[in-house]
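A.B. asks: Before I ask anything, here is the structure I am working with.
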Amino acid sequence: MIDIKSSMDEVLEKANKLLQNYETLSSIKDIDIGTTPKDLVWEDGKVKLYHYKRESKPTCKTPILVVYALVNRIEMLDLQPGRSFISNLLEKGLDIYIIDWGYPTRLDRYKTMSDYIFRHMGDCVDFVAKENKVDKINLAGVCQGGTFCGIYAAVYPQKVKNLITMGAPFDFSTNDGLLFWWSRYMNVDAIVDNFGSVPGSFLNVGFEMLKPFQKIDKYLNFIDYSDDEQKMANFLRMEKWIYDSPAQAGECYRQFLKDLYQNNKLIKGELVVGGETIDLKKITMPVLTVYATYDHIVPPSASKPFNDYIGSKDKQYFEVNGGHIGMFVGSKAQKELAPAIAAWLHERDK
């Protein structure tokens, strides 16, 4: 039998919390993300290269170029003060550059993987090397950016001193992630031919469908932040990042989905980018492969095989006890991942 009084009390309690939420929200003026100071040092159209400011000289002599995915924005790595992957790396003595891919429009529909990897990213690598008077730099790629870094390092190993991939897919034959299942049956040509450049909102719907009830839980939990302005601000920072979703240049999206997700050509040694057949055995520099235990977007089984196919003798794994986003913003990950990467690079900074 339904206890009407208890049900009404619960409804009233939720209503009061919602009212408090409104009052707390009204007191929050601005929500800023990506606040670690940085300078714009190079640009080519929509693509920009930033150099993070340091208050002291870096203790790691070789600079590091961070390459994010084309999906979503680089601010994930610098989401909030006190919980910033970038600021943690800076504190550990690294000299950091990062590529901002910008916001593609329909005018960019014909940009290819080669344009992003060998033209834009290649120009950034050359700029950082020249600016610091070095022959090689460190490369660190996140998610799809890690795949891009692997492809670049296979073609230009002489330009990469150390390679770090974080939550990056390489073996697309895995059955552990729903995204990998779906992608095999997508009509990619129809999507690209109709959209030109694929809208970020279209991609967001797909990512939300990977864990449909997670969004419901997220907003239900939001009600409990009514008297905690800091938690509410952090929630809004994440929401701001999630829905700031750039479109995807059509031809790059087409090749990435068809050649990798659907045909697994990189691992098979059949991937051709910009006329170059990508041979992972040509990656001979030290490699650190980072993966997250509970990553539902890029499961460990998609990341870890990378080390089996490269030619490097110095290759290691680092496991983060978290998810795809949690490895960068989780409180525990903040204490583990950045220090581990910095220590790994310092050991090889000779």
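A.B. asks: Can you put Met166, Met238 in order of Cβ neighbours within 10 angstrom, beginning with the fewest?
C.D. replies: Arranged by neighbour count, lowest to highest, Met166, Met238 become Met238, Met166.
A.B. asks: Once phi is turned into θ = phi - 60°, what whole-Hz ³J(HN,Hα) does the Karplus curve with 6.51, -1.76 and 1.60 give for every residue of the range 90-106, x standing for Gly and Pro?
C.D. replies: These are the phi-based 3J(HN,Hα) values: 4, 5, 8, x, 8, 9, 10, 10, 9, 8, 9, 6, x, 10, x, 10, 4 Hz.
A.B. asks: Give the residue from Leu280, Gly323, Val290 lying farthest towards the positive end of the charge dipole for the range 224-350; charges sit on Cβ (+1 for Lys and Arg, -1 for Asp and Glu) and the dipole is referred to the Cα centre.
C.D. replies: Looking along the dipole axis, the top candidate is Leu280.
A.B. asks: Here's a follow-up. Please tell me which of these pairs span more than 30 angstrom C-alpha to C-alpha: Lys38/Lys133; Lys240/Lys315; Lys136/Lys332; Lys111/Lys335; Lys315/Lys335; Lys61/Lys240?
C.D. replies: The pairs that break the limit, which is 30 Å between Cα atoms, are Lys240/Lys315; Lys136/Lys332; Lys111/Lys335; Lys61/Lys240.
A.B. asks: How would the range 257-350 be classified by its alpha-carbon gyration tensor: rounded, prolate or oblate, with rounded meaning a/c under 1.5 and the a/b versus b/c comparison settling the rest?
C.D. replies: Cα axes put the range 257-350 in the oblate bin.
FYI, it's all coordinate maths here, none of it is from the lab. As the structure is a computational prediction, the values presented were derived from the model and not from experiment. Note that we place each Cβ from the backbone using ideal geometry, even for glycine, and neighbour counts take in every protein chain shown.
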